[in-house]
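What follows draws every value from the coordinates through simple rules; no lab data is involved. Here the structure is a predicted model, which is why all the values come from computation and not from measurement. Quick reminder, even Gly has a Cβ in these numbers, built from the backbone with ideal geometry, and neighbours come from all protein chains shown.
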Amino acid sequence: MTDRVLLTGATGFIGSRAFGSLKKDGWSVICLTRDLEKAHLTWPDREWACANAEDSEALARAMDGCRVAFYLIHGMGALQPGWVEREVATADHFAKTAARAGVERIVYLGGVAPAGRPSLHLQARIETGKTLRAGSVPCMELRAAMIVGAGSASWTIVRDLAARLPAMVLPAWLSHRSEPVAVDDVVSALVRAARMPLPTSDLWDLPGPEALSGVDILLRVAACMGHKPLLLHVPFVTPKLSSHWIRLVTRTDHRLAAELVEGLTSDLLARRPGFWAAAGLPSPRSLEEAAAKALAEDADHLSRGARLLESLAGALMRRP
């Protein structure tokens, strides 16, 4: 029999990409969603289960027969008061339901712990990981900083800044470093984490091949687009002020952008690297390779959107 796995966040940036890789690895994938009709319309060839992560009975039914459960749930989009506490409570409920359902392993994708005080976004990721690893079901937590791929909020901000600003205001916080990693490498790590020996909960970071400052990342992505922006260093600009000018440039939700920028006020560097070698995976892709693929996917998405609008306009013109 094919091993079953529950994929939460199956319609999201990571989960939607992980589905195909899990199938190729021999898993029977049960995708979790709260909007069954929309999920079926978007991906009719996938097996869906409808449940809210806080609904014990529905969640247990979705987990029935699953050896592994992927926890790719993040409520950051709401950003309502108390959302960090709700994130932690949801993770605790998920871990306890998984234990009762006989799940053997949880795989969680979190965020790299910062050198300084974490933003609410990173605090929620870190506390969620602690909660899952404290449960009775062994949890493999993998942590990533900036994930480079079409659809990533942090990638969208960087891409839009690099593409739309002939001159860039560079506040001091852009000197902090992170290790951007390609989304394809993250997905490969998650799939491998489902089968690695895991006698007890464990934690690894998923760094890209280089530690780069925010300035370095912007310049390299701009170079991939054939741009060379003028750099204006303004050390007194705070992350909060920066979020306002970012709001004018990027299509990412302003509240989400502000929270992501707040997380860049100190270095985001791996504390436990080495997963690629431990998992028998190749070295991660360079920023340039990851950015080139993300830009191509962005262009293809825009092209398909334009073709759809063109066909809709044509249909309307043909109506009597």
Estimated vicinal HN-Hα couplings, Hz - segment 5-21 in sequence order (Karplus 6.51, -1.76, 1.60; Gly, Pro = x): 9, 9, 10, 7, x, 5, 9, x, 4, 7, x, 5, 7, 5, 3, x, 5
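Compute the length gained on full extension between E289 and K130: take 0.36 nm times their separation in residues and subtract their Cα-Cα distance, giving the result in nm to one decimal.
On the way: separation 159, 0.36 × 159 = 57.24 nm, distance 3.28 nm.
Result for the pair: 54.0 nm of gain on full extension.
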Relative packing of 24-37, 151-164, 174-187, which averages over residues the other C-beta atoms within 10 Å, highest first: 174-187, 151-164, 24-37
Cα-only Debye scattering, segment 4-302: base-10 log of I(q)/I(0) at q = 0.15 Å⁻¹: -1.21
Net length gained if the chain between L120 and K38 were fully extended (0.36 nm per residue, minus Cα distance): 26.5 nm
All lysines inside 25 Å of K293 as judged from Cα atoms, apart from same-chain residues fewer than 8 positions distant: K23, K24, K228
